[in-house]
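Working notes, beginning with the structure itself.
The values are calculated or read from the model by the stated rules, or taken from the named source; none is laboratory data. Here the structure is a predicted model, which means the values were calculated and not measured. Using ideal geometry, Cβ is built from the backbone for each residue, glycine included, and neighbour counts are taken over all protein chains shown.
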Amino acid sequence: MGNRTSRSPSFVAHFAGSTAITTGRVTMQRSSKGVISIAEVDNGGRYVTLENTSTSRMKRLQNLKGWKIKRDFLETTSLPSFTFEYVINRDFTLDAQQNIKIWAKNFEKDPEIKGNDIVCTVSDWGQVNRNSLITLFDDNGVEKATLSVKVNL
């Protein structure tokens, strides 16, 4: 699917419509097994975006009820590991070339939330300031997509 890398002594990250100034390099790599992928994670932890990459010519609808999004932050020498998880608990069909943002509960009043977006029970998806892995599982527990975030400070 692709990599997104920013590198310089000091850079401004614009990965998902928000901005943060940090020092170092951030690399995001995504992959998917099927038409649903993880398009992005907001730099400030507000949301995770899922997208249906099928085209209108090869259109494939996908109901996401029962699908799980999991973000794992890896242990560092100074920070413990931790995980955020959310299971989509309502019928929601993602059409070809459509995306949906899964908003963290702390941002439920954000003016950018659209009618079809979901506000979930996760309070905050976590900032893009340390290594993490976001994984999407279907309703049978099969891994369908990943987004890896690597931070080198």
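Computed values, structure above
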{"item": "Counted residues, segment 107-122 - those being small (Gly, Ala, Ser) and touching a strand residue (DSSP E or B) at 6+ places or on another chain (Cβ under 8 Å)", "result": "0"}
{"item": "Residue among 121, 77 that alone is farther than 18 Å from residue 141 by Cβ, surrounded by fewer than 19 Cβ atoms within 10 Å (Cβ to Cβ), of a type outside the set (D, E, K, R) and in contact with a helix residue (DSSP H, G or I) (Cβ under 9 Å, 6 or more places away or on another chain)", "result": "121"}
{"item": "Condition met for residue 11 (modelled with pLDDT under 85, under 13 Å from residue 132 (Cβ atoms) and surrounded by 15 or more Cβ atoms within 10 Å (Cβ to Cβ))", "result": "no"}
{"item": "Residue 71 charged (D, E, K, R) and either touching a Pro at 6+ places or on another chain (Cβ under 8 Å) or closer than 18 Å to residue 28 by Cα (or both)", "result": "yes"}
{"item": "Matching option when the condition is touching a residue at least 60 places away in the same chain (Cβ under 8 Å), over 23 Å from residue 31 (Cα atoms) and part of a loop (DSSP other than H, G, I, E, B), among 110, 139, 91", "result": "110"}
{"item": "Output for segment 40-86, where each listed residue is among the aliphatic types (A, V, I, L, M), modelled with pLDDT of 95 or more and over 18 Å from residue 107 (Cα atoms)", "result": "64"}
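Residues checked against (1) under 16 Å from the mean Cα position of the chain (by Cα); (2) farther than 25 Å from residue 152 by Cα; (3) aliphatic (A, V, I, L, M):
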position: 61; (1), (2), (3): no, yes, yes
position: 66; (1), (2), (3): no, yes, no
position: 73; (1), (2), (3): yes, no, no
position: 77; (1), (2), (3): no, no, no
position: 80; (1), (2), (3): no, no, no
position: 89; (1), (2), (3): no, yes, no
position: 92; (1), (2), (3): no, yes, no
position: 110; (1), (2), (3): no, yes, no
position: 114; (1), (2), (3): no, yes, no
